[in-house]
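The values are calculated or read from the model by the stated rules, or taken from the named source; none is laboratory data. Predicted model, so just to flag it, every value in this text is computed and none were measured. Ideal geometry is used to build each Cβ from the backbone, glycine not excepted, and the neighbour counts take in all protein chains shown. Just so you know, the surface numbers come from the protein's heavy atoms only, side chains and all, with ligands and any DNA or RNA stripped out. Shrake-Rupley method; radii C 1.70, N 1.55, O 1.52, S 1.80 Å.
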Amino acid sequence: MATSDPPKLWYKFAPRLSDGNMSMKALLGGKGANLAEMCRLGIPVPPGFTLPTTLCTRYSSASDTTSVVADVELAVREGVKFVEEQGKGARFGAKEEPLLFSIRSGARASMPGMMDTVLNCGLNGETVKGLAEKTGDERFAMDCYRRFIQMYSDVVKGLPKAELDEPLEHAKK
(Lines give C-alpha, C1' and ligand atoms only; values in the text may rest on other atoms or scores of the structure.)
Protein backbone atom coordinates (compact mmCIF):
# COMPACT_ATOMS: atom_id res chain seq x y z
CA MET A 1 0.00 0.00 0.00
CA ALA A 2 1.55 3.27 -1.13
CA THR A 3 1.56 6.25 1.18
CA SER A 4 1.11 9.69 -0.23
CA ASP A 5 3.24 12.63 0.77
CA PRO A 6 1.64 14.94 3.31
CA PRO A 7 0.17 18.07 1.76
CA LYS A 8 2.47 21.07 1.51
CA LEU A 9 1.94 23.65 4.22
CA TRP A 10 3.32 26.58 2.22
CA TYR A 11 4.34 27.41 -1.35
CA LYS A 12 7.32 29.62 -2.13
CA PHE A 13 7.69 32.20 -4.83
CA ALA A 14 10.65 34.30 -5.91
CA PRO A 15 12.00 35.34 -9.31
CA ARG A 16 12.40 32.18 -11.44
CA LEU A 17 11.57 30.04 -8.39
CA SER A 18 8.05 28.93 -7.68
CA ASP A 19 6.25 25.94 -6.19
CA GLY A 20 3.03 26.91 -7.92
CA ASN A 21 1.55 28.23 -11.13
CA MET A 22 -1.55 29.85 -12.56
CA SER A 23 -3.45 26.55 -12.73
CA MET A 24 -3.37 26.19 -8.93
CA LYS A 25 -6.00 28.82 -8.02
CA ALA A 26 -8.10 26.30 -6.07
CA LEU A 27 -5.09 25.56 -3.85
CA LEU A 28 -3.25 28.90 -3.73
CA GLY A 29 -6.10 31.35 -4.21
CA GLY A 30 -6.16 33.80 -7.07
CA LYS A 31 -3.41 36.08 -5.75
CA GLY A 32 -1.12 33.21 -4.75
CA ALA A 33 -1.47 31.44 -8.09
CA ASN A 34 -0.84 34.64 -10.03
CA LEU A 35 2.23 35.56 -7.95
CA ALA A 36 3.60 32.05 -8.51
CA GLU A 37 2.99 32.34 -12.25
CA MET A 38 4.64 35.76 -12.48
CA CYS A 39 7.72 34.38 -10.73
CA ARG A 40 7.73 31.32 -12.97
CA LEU A 41 7.75 33.65 -15.98
CA GLY A 42 10.64 35.69 -14.58
CA ILE A 43 8.67 38.82 -13.76
CA PRO A 44 10.46 40.57 -10.89
CA VAL A 45 8.33 39.94 -7.82
CA PRO A 46 9.71 40.18 -4.28
CA PRO A 47 10.05 36.75 -2.67
CA GLY A 48 7.22 35.48 -0.54
CA PHE A 49 5.09 32.50 0.34
CA THR A 50 1.48 31.43 0.16
CA LEU A 51 -0.45 29.32 2.64
CA PRO A 52 -2.76 26.97 0.76
CA THR A 53 -6.54 27.12 0.98
CA THR A 54 -6.45 23.59 2.41
CA LEU A 55 -5.25 25.03 5.74
CA CYS A 56 -8.31 27.26 5.93
CA THR A 57 -10.56 24.35 5.00
CA ARG A 58 -8.96 22.17 7.68
CA TYR A 59 -9.33 24.91 10.28
CA SER A 60 -12.97 25.57 9.39
CA SER A 61 -13.93 21.91 9.60
CA ALA A 62 -11.85 20.84 12.62
CA SER A 63 -13.46 20.21 15.97
CA ASP A 64 -10.01 20.59 17.54
CA THR A 65 -7.85 23.16 15.73
CA THR A 66 -4.65 22.46 17.69
CA SER A 67 -2.88 20.55 14.91
CA VAL A 68 -3.98 23.04 12.24
CA VAL A 69 -2.68 25.98 14.28
CA ALA A 70 0.62 24.12 14.77
CA ASP A 71 0.84 23.53 11.01
CA VAL A 72 0.14 27.22 10.27
CA GLU A 73 2.81 28.29 12.77
CA LEU A 74 5.31 25.89 11.17
CA ALA A 75 4.41 27.06 7.67
CA VAL A 76 4.87 30.71 8.60
CA ARG A 77 8.23 30.05 10.30
CA GLU A 78 9.49 28.13 7.27
CA GLY A 79 8.10 30.68 4.80
CA VAL A 80 9.69 33.60 6.65
CA LYS A 81 13.01 31.72 6.73
CA PHE A 82 12.77 31.17 2.96
CA VAL A 83 12.23 34.90 2.34
CA GLU A 84 15.10 35.80 4.68
CA GLU A 85 17.39 33.45 2.75
CA GLN A 86 16.75 35.20 -0.56
CA GLY A 87 19.88 37.30 -0.02
CA LYS A 88 18.71 40.80 0.80
CA GLY A 89 19.97 40.74 4.41
CA ALA A 90 16.65 41.66 6.00
CA ARG A 91 15.39 39.63 8.95
CA PHE A 92 11.90 39.48 10.40
CA GLY A 93 11.99 41.27 13.76
CA ALA A 94 15.50 42.68 13.27
CA LYS A 95 15.92 46.34 14.20
CA GLU A 96 18.88 46.95 11.90
CA GLU A 97 17.36 45.52 8.73
CA PRO A 98 13.64 44.83 9.31
CA LEU A 99 11.87 42.47 6.94
CA LEU A 100 8.26 43.46 6.39
CA PHE A 101 5.43 41.43 4.93
CA SER A 102 2.16 42.28 3.26
CA ILE A 103 -0.51 39.81 4.30
CA ARG A 104 -3.22 39.40 1.73
CA SER A 105 -6.26 37.19 1.53
CA GLY A 106 -6.67 35.11 -1.58
CA ALA A 107 -9.81 33.08 -1.98
CA ARG A 108 -10.22 30.51 -4.75
CA ALA A 109 -12.59 32.96 -6.45
CA SER A 110 -12.47 36.74 -6.25
CA MET A 111 -14.40 38.03 -3.26
CA PRO A 112 -13.97 41.83 -3.18
CA GLY A 113 -14.30 43.32 0.26
CA MET A 114 -14.04 40.01 2.11
CA MET A 115 -10.68 40.75 3.71
CA ASP A 116 -8.33 43.64 3.35
CA THR A 117 -4.57 43.62 3.26
CA VAL A 118 -2.38 44.13 6.31
CA LEU A 119 0.76 45.99 5.25
CA ASN A 120 4.07 46.30 7.07
CA CYS A 121 3.72 43.23 9.27
CA GLY A 122 6.99 43.11 11.18
CA LEU A 123 6.99 46.70 12.40
CA ASN A 124 6.99 47.30 16.12
CA GLY A 125 8.40 49.89 18.51
CA GLU A 126 11.96 48.74 17.80
CA THR A 127 11.91 47.81 14.12
CA VAL A 128 10.31 51.14 13.20
CA LYS A 129 13.49 52.81 14.49
CA GLY A 130 15.55 50.59 12.19
CA LEU A 131 13.33 51.45 9.23
CA ALA A 132 13.76 55.16 10.01
CA GLU A 133 17.53 54.75 10.17
CA LYS A 134 17.67 52.69 6.97
CA THR A 135 15.54 55.12 4.97
CA GLY A 136 16.72 58.30 6.66
CA ASP A 137 13.08 59.30 6.92
CA GLU A 138 11.49 59.04 10.36
CA ARG A 139 8.16 60.41 9.14
CA PHE A 140 7.96 57.70 6.46
CA ALA A 141 8.77 54.99 9.03
CA MET A 142 6.17 56.25 11.49
CA ASP A 143 3.56 56.46 8.72
CA CYS A 144 4.30 52.81 7.82
CA TYR A 145 3.90 51.86 11.49
CA ARG A 146 0.62 53.79 11.72
CA ARG A 147 -0.69 51.98 8.65
CA PHE A 148 0.23 48.61 10.14
CA ILE A 149 -1.50 49.41 13.45
CA GLN A 150 -4.63 50.70 11.69
CA MET A 151 -4.86 47.77 9.26
CA TYR A 152 -4.17 45.14 11.93
CA SER A 153 -6.70 46.72 14.27
CA ASP A 154 -9.36 46.75 11.57
CA VAL A 155 -8.73 43.51 9.69
CA VAL A 156 -7.53 41.20 12.46
CA LYS A 157 -9.07 42.64 15.62
CA GLY A 158 -12.25 44.10 14.09
CA LEU A 159 -11.78 47.46 15.82
CA PRO A 160 -13.94 50.13 14.18
CA LYS A 161 -11.75 52.42 12.06
CA ALA A 162 -13.20 55.51 13.72
CA GLU A 163 -11.65 54.51 17.06
CA LEU A 164 -8.18 55.08 15.61
CA ASP A 165 -9.06 57.78 13.08
CA GLU A 166 -10.37 60.21 15.68
CA PRO A 167 -7.17 60.37 17.79
CA LEU A 168 -5.10 60.62 14.60
CA GLU A 169 -7.13 63.56 13.33
CA HIS A 170 -6.83 65.21 16.75
CA ALA A 171 -3.03 64.71 16.73
CA LYS A 172 -2.77 66.28 13.25
CA LYS A 173 -4.28 69.55 14.53
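Structure data summary
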quantity: Segment 45-56 - residue that is without any contact (Cβ under 8 Å) to a residue 40 or more places away in the chain and open to solvent by 30 Å² or more (accessible area, probe 1.4 Å) and, of those, nearest to residue 14 (Cα to Cα); calculated: 47
quantity: Residue match in segment 149-156 (condition: of a type outside the set (Ser, Thr, Tyr) and closer than 17 Å to residue 96 by Cβ); calculated: no
quantity: Index of the failed condition, residue 28 passing every other in (1) surrounded by fewer than 17 Cβ atoms within 10 Å (Cβ to Cβ); (2) within 15 Å of the chain's Cα centre (by Cα); (3) under 15 Å from residue 106 (Cβ atoms); calculated: (1)
quantity: Pair list, Cβ under 7 Å, 6 or more apart: segment 67-93 residue among the acidic types (Asp, Glu), other residue part of a helix (DSSP H, G or I); calculated: 71/55
quantity: Qualifying residue in segment 37-52 (condition: among the hydroxyl-bearing types (Ser, Thr, Tyr) and in contact with a Leu (Cβ under 6 Å, 6 or more places away or on another chain)); calculated: yes
quantity: Lone qualifier among 94, 70 - being closer than 23 Å to residue 26 by Cα and either in a helix (DSSP H, G or I) or of a type in the set (A, V, I, L, M, F, W, C) (or both); calculated: 70
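One line per residue, one yes/no per condition, for (1) over 26 Å from residue 7 (Cα atoms); (2) polar (S, T, N, Q):
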| residue | (1), (2) |
| --- | --- |
| 62 | no, no |
| 67 | no, yes |
| 73 | no, no |
| 82 | no, no |
| 97 | yes, no |
| 122 | yes, no |
| 125 | yes, no |
| 138 | yes, no |
| 144 | yes, no |
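Residue-wise test of (1) assigned to a loop (DSSP other than H, G, I, E, B); (2) open to solvent by less than 70 Å² (accessible area, probe 1.4 Å).
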{"position": "32", "(1), (2)": "no, yes"}
{"position": "43", "(1), (2)": "yes, no"}
{"position": "58", "(1), (2)": "no, no"}
{"position": "64", "(1), (2)": "yes, no"}
{"position": "75", "(1), (2)": "no, yes"}
{"position": "81", "(1), (2)": "no, no"}
{"position": "116", "(1), (2)": "yes, no"}
